[in-house]
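Peer 1: First, the structure itself, so that you have it in front of you.
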Amino acid sequence: MKNLKFIISMLLVVLFVFNLNITKAEASGDISIFVNSMKQSYSQPPIIENGRTLVPLRGIFETLGASVQWNPETKTIDAAKGNTSVWLKIGSTSTKVNGKTIIISTPAQIRNGRTLVPLRFISESLGDSVVWNNESKTAYIGESENLSQENALREAESYLEYAAFSKQGLIEQLEFEGFSKEDATFAVENIETNWKEQAVKQGKSYLEYMAFSKQGLIEQLEFEGFSKEQATYAVDKIGL
């Protein structure tokens, strides 16, 4: 009986780790990258980790017209395009653009012997716009079929840097700022973020000012536009 319990426990651990790895990093052979209307092909497929798309180092830098140097000893990347310089270190969320330190959510990393870098950070640091279509898992770099949608997307990203929102809450905020419902919805549907973690941030912000029961906080988060699943996840993670 003890051996059986041990085997079951080990199987649960293996399943947990397996599911965690899938959640943390989606191997994404279906992700498409377009640069100035040209579809890109990489030897190492792009991946999505923590809501961020990562692509092979040399592929993206060289396509965007930047020179790049890789230092295997320090595991650092130095790239330059015109008057812009970008510096990254494997595993570090601290980066530099023209010498100014910038913190990113998902660092550069090595997978299958290939160095992967965050697509949006690299592209925008080098002066290229990025539009992400979440439904088709496609990134369009250096072009935008709809400028108002791109502007709504950038505005949504700026809001999430300073505050937590539910999908519906962010749509309403963008509409309040003057964007059409169509553009606001496009932005929120295509922004790269983890809505469950947004619920966690919102829940923590509530608890800084008032006390809630577990059920009360779930209901408050649902009132703010989070789904019951997102609200329950947040409350459980907070530990109420």
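The values are calculated or read from the model by the stated rules, or taken from the named source; none is laboratory data. Please read all numbers here as calculations on a predicted model, not as lab measurements. Positions of Cβ are backbone-derived with ideal geometry, glycine not excepted, and every protein chain shown enters the neighbour counts. Heavy atoms of the whole protein, side chains included, go into the accessibility calculation; ligands, DNA and RNA do not. Shrake-Rupley method; radii C 1.70, N 1.55, O 1.52, S 1.80 Å.
Peer 1: Please work out if V97 is surrounded by 21 or more Cβ atoms within 10 Å (Cβ to Cβ) and either hydrophobic (A, V, I, L, M, F, W, C) or at pLDDT 95 or above (or both).
Peer 2: For V97, the condition - surrounded by 21 or more Cβ atoms within 10 Å (Cβ to Cβ) and either hydrophobic (A, V, I, L, M, F, W, C) or at pLDDT 95 or above (or both) - is not met.
Peer 1: Okay, next question. When the residues of the range 160-192 are narrowed to those that are closer than 22 Å to L207 by Cβ and modelled with pLDDT under 90, which ends up nearest to the chain's Cα centre (by Cα)?
Peer 2: Ranking the qualifying residues of the range 160-192, first place goes to E161.
Peer 1: Residues in the range 194-229 that are polar (S, T, N, Q) and open to solvent by less than 40 Å² (accessible area, probe 1.4 Å): how many? Step through it out loud before you land on a result.
Peer 2: From the range 194-229, those polar (S, T, N, Q) are 194, 198, 202, 205, 213, 215, 220, 227; that's our starting set.
Remaining after also requiring open to solvent by less than 40 Å² (accessible area, probe 1.4 Å): 198, 202, 205.
Qualifying residue count, the range 194-229: 3.
Peer 1: Say whether the condition of being surrounded by fewer than 17 Cβ atoms within 10 Å (Cβ to Cβ), aliphatic (A, V, I, L, M) and either assigned to a helix (DSSP H, G or I) or touching a residue at least 24 places away in the same chain (Cβ under 8 Å) (or both) is met by at least one residue in the range 164-178. Outline the logic, then answer.
Peer 2: Pass one, the range 164-178, residues surrounded by fewer than 17 Cβ atoms within 10 Å (Cβ to Cβ): 168, 172, 175-178.
In the following step, the residues that additionally are aliphatic (A, V, I, L, M) were identified as none.
No: zero hits.
Peer 1: May I ask you to verify whether T185 is under 23 Å from K137 (Cβ atoms), open to solvent by less than 60 Å² (accessible area, probe 1.4 Å) and of a type outside the set (D, E)? Break it down into steps so the answer makes sense when it comes.
Peer 2: Details: under 23 Å from K137 (Cβ atoms): yes; open to solvent by less than 60 Å² (accessible area, probe 1.4 Å): yes; of a type outside the set (D, E): yes.
Criteria met by T185.
Peer 1: Which residues, taken from the range 122-138, are hydrophobic (A, V, I, L, M, F, W, C) and touching a Lys or Arg at 6+ places or on another chain (Cβ under 8 Å)?
Peer 2: The initial filter retains those residues of the range 122-138 that are hydrophobic (A, V, I, L, M, F, W, C), namely 122, 126, 130-132.
Within the range 122-138, L126, V130, W132 qualify.
Peer 1: List the pairs whose first member sits in the range 191-210 and is on the phi < 0 side of the Ramachandran plot, whose second member is open to solvent by 60 Å² or more (accessible area, probe 1.4 Å) and assigned to a helix (DSSP H, G or I), and whose Cβ atoms are under 7 Å apart, counting only residues at least 6 apart or on separate chains?
Peer 2: Going by the 7 Å Cβ cut-off, the qualifying pairs are W195/K167; K196/Y233; A199/Y233; V200/K237.
Peer 1: Taking the options T193, T185, name whichever one is under 27 Å from L64 (Cα atoms) and not charged (D, E, K, R). It would help to see each step written out before you state the result.
Peer 2: Details: T185 fails: under 27 Å from L64 (Cα atoms).
Answer to the selection: T193.
Peer 1: Looking at (1) touching a strand residue (DSSP E or B) at 6+ places or on another chain (Cβ under 9 Å); (2) surrounded by 14 or more Cβ atoms within 10 Å (Cβ to Cβ), which one does S136 not meet, given that it meets all the others?
Peer 2: Of everything listed in (1) touching a strand residue (DSSP E or B) at 6+ places or on another chain (Cβ under 9 Å); (2) surrounded by 14 or more Cβ atoms within 10 Å (Cβ to Cβ), S136 misses just condition (2).
Peer 1: If you go through the range 230-240 one residue at a time, how many are open to solvent by less than 40 Å² (accessible area, probe 1.4 Å) and over 29 Å from E135 (Cβ atoms)?
Peer 2: Count: 1.
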